[in-house]
1. Translational diffusion coefficient of segment 228-301 at 37 °C, 0.692 mPa s, Stokes-Einstein with Kirkwood Rh over Cα pairs, in µm²/s as a whole number.
2. Return the Cα extents of segment 180-307 along principal axes one, two and three, sorted largest first, each rounded to a whole Å.
3. Just report the Cα centroid separation between segment 121-182 and segment 58-87, whole Å.
4. Run the reach check for LYS246 against lysines, Cα to Cα strictly under 21 Å, same-chain hits fewer than 8 apart removed. What comes back?
5. With +1 on each Lys and Arg Cβ and -1 on each Asp and Glu Cβ, how big is the dipole of the chain about its Cα centre, in debye rounded to the nearest 20?
6. Over 19 Å between C-alpha atoms is what I'm after, so list which of LYS12/LYS141; LYS77/LYS111; LYS70/LYS111; LYS21/LYS43; LYS12/LYS43 land there.
7. Picking from GLY273, LEU92, CYS199, whose Cα lies most toward the positive end of the charge dipole for the chain (charges on Cβ: Lys, Arg +1; Asp, Glu -1)?
8. Tell me the angle of helix 136-148 to the major Cα principal axis of the chain, expressed in degrees between 0 and 90 and rounded to the nearest ten.
Amino acid sequence: MCIAVSACGISKSFGPLRALKEISFEIPEAAVAGFIGPDGAGKTTLFRIAATLLIPDEGNMTLFGYDSVKDFRNLRKVTGYMPGRFSLYQDLTVRENLEFYATVFGTTVLKNYDLIKDIYEHIEPFRDRPAGKLSGGMKQKLALSCALIHRPSLIILDEPTTGVDAVSRREFWELLGSIKENGITVMVSTPYMDEATRCDTIVLMQDGRILESGKPGTIKERFEGTLWHATAEDTYLLLNALRKWKYTLTAYPFGDSAHVTFSEERETAGLIGYMTALNIKGFSIKPAEPTVEDRFLQLMSGGKIYE
């Protein structure tokens, strides 16, 4: 297995704020690597270092053998970067933006059109429309086309699906699959847990640190203890009751239900009487299969009740 990206002990501060704290990871070639975490986890700072836009205070990062600091000029030829905010020229048309970025990288749209064809076909009917007048999903596809037009070895996507509709999110992840099939390595960050399972490998981040990393299936298997799925007519009352139960370790909402762990499994039987006494109507509980989100919340909570 060839390693495309390797980070060792990356730290970065902005004044008193430590945005990254000794970050280390590896990404295989032609893999989709998802960096999952809430706002403030350090994802954008890490991606800006990978894109050679920031210099780390400590540690080093290599991308396809190039050092992110010493070899930044060479790296910019083999990487594509799509920031979280739409950063293309809003007064230029779709076609003009694409042609401009192709020219910057010394290539042409025609030369690499086969790579962006599946993406660009969605927006080609609007090729003469100013980029600033596109919908959120269309802007997303244009930015991705521009980031790919020079056929990079690595593409870095900072929360590309934030603020777009569910259909556009699904389409975007399908497009990432076709990018991977072309041998391009993908680094993508997202706050959406449901997107984690679409990645080959994931990195769970919080407060500038990596909590855990690995394949989605491996992350799920690391869940500690037994997870329970609880439902009732009123989920809010259910959660409050579960968090007051003396054997509860963690309890958090999961759709219109709750996911729970207990310190002593044999005591779950007593919950029926407990819920009845509290007049929690329609209560039921059964074992559940952990998700990546369940493992992430377990790591974040440190084994305590999660509110």
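Read the figures in this text as sums done on the coordinates, not as results from a lab. A quick note: this is a predicted structure, and the numbers were derived from the prediction, not measured. Glycine gets a Cβ as well: all are built from the backbone with ideal geometry, and neighbour counts include every protein chain shown.
1. The calculation lands on 266 µm²/s.
2. Cα extents, longest axis first: 59, 24, 24 Å.
3. What the calculation gives is 20 Å, centre to centre.
4. Answer for LYS246, where 21 Å is the Cα cut-off: LYS281, LYS286, LYS304, listed by chain and number.
5. 500 debye
6. Check vs 19 Å cut-off fails for LYS12/LYS141; LYS70/LYS111.
7. Farthest towards the positive end: LEU92.
8. Roughly 50 degrees, rounded to the nearest 10.
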